[in-house]
Amino acid sequence: MEIYTSLNQDKPHHRQSRLSYYNWLADNIKIDGIIEVKRDAAFDDAKYRSGGIRLFYQTAHSQPKDVKEGILLEVGFDEVSPNTPKTISSWAYD
C-alpha cells in the first residue's frame, strides 16, 4: 500500500491513499479486550491528514450519559511542534 504523506501531496488520489490507510488500520487493529474497532470519521480532516478510529470494550458499569463510548485514536501524518520523541509510561505499569 502506497501512502502519500508529504505536505505537498494534496491531489485526490493522495487523499484517497490516506483514507484507505485509516480504513485498513481500523480493519486490522487487534488488541486483547477490544471487542470492536470502528472508523470515527467525525475526526477526519478534509485532506485526511488525520483520521479517527474508535476502540470499543466491554464495560463493567453502565455508560454515563455524557461520556462517549470507547477510546478514540486520532491517527495521522501531520507534524506537530515540538516534534520530539518522548517516553510514555504509566504509574501503574512502573
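The values are calculated or read from the model by the stated rules, or taken from the named source; none is laboratory data. Computed from a predicted model, the values in this text were never measured in an experiment. Note: ideal-geometry Cβ built from the backbone for every residue, glycine included; neighbour counts use all protein chains shown. Only protein heavy atoms, including side chains, enter the accessible area calculation; ligands, DNA and RNA are left aside. Shrake-Rupley method; radii C 1.70, N 1.55, O 1.52, S 1.80 Å.
What number results when the radius of gyration of the stretch 1-85, computed over Cα atoms, is divided by 2.2 N^0.38 Å? Mind showing how you got there, number by number?
Numbers: Rg = 15.0 Å, N = 85, 2.2 N^0.38 = 11.9 Å.
Relative to the 2.2 N^0.38 Å estimate, the stretch 1-85 comes out at 1.26.
Per residue, how large is the accessible surface of the chain? Use a 1.4 angstrom probe and give square angstrom.
Numbers: 7560 Å² over 94 residues.
Per-residue accessible area for the chain comes out at 80 Å².
Ignoring ligands, DNA and RNA, what percent of the accessible area of the chain is carbon or sulfur (1.4 Å)? Mind dumping the intermediate values first?
Values: 3900 of 7560 Å².
After summing per-atom areas, the C and S share lands at 52 percent.
For the chain, take the longest principal axis of its alpha carbons; what is the angle in degrees between that and the long axis of helix 12-28, to the nearest 10 within 0 to 90?
On a 0 to 90 degree scale, this one is about 20.
Calculate, for Ser81 and Ile3, the FRET efficiency according to 1/(1 + (r/R0)^6) with r their C-beta to C-beta distance and R0 30 Å; round to the nearest 0.05.
Working: r = 22 Å, r/R0 = 0.74.
About 0.85, to the nearest 0.05.
Within straight cross-link reach of Lys38, meaning Cα distance under 17 Å, which lysines are found once same-chain residues fewer than 8 apart are removed?
Lys38 reaches Lys30, Lys68.
Considering Cα pairs under 8 angstrom that are at least six residues apart, work out the relative contact order of the chain and quote it in whole percent. Provide the component values of the computation, followed by the final result.
Values: 109 pairs, mean separation 20.0, N = 94.
It rounds to 21 percent for the chain.
Summing -39500 (n - 2.57) over the DSSP H runs of n ≥ 4 in the chain and dividing by its residue number, what mean residue ellipticity at 222 nm do you reach, to the nearest 500 deg cm²/dmol? Numbers along the way, then the final one.
Numbers: 1 runs with 17 residues, N = 94.
Helices in the chain give a 222 nm mean residue ellipticity of -6000 deg cm²/dmol.
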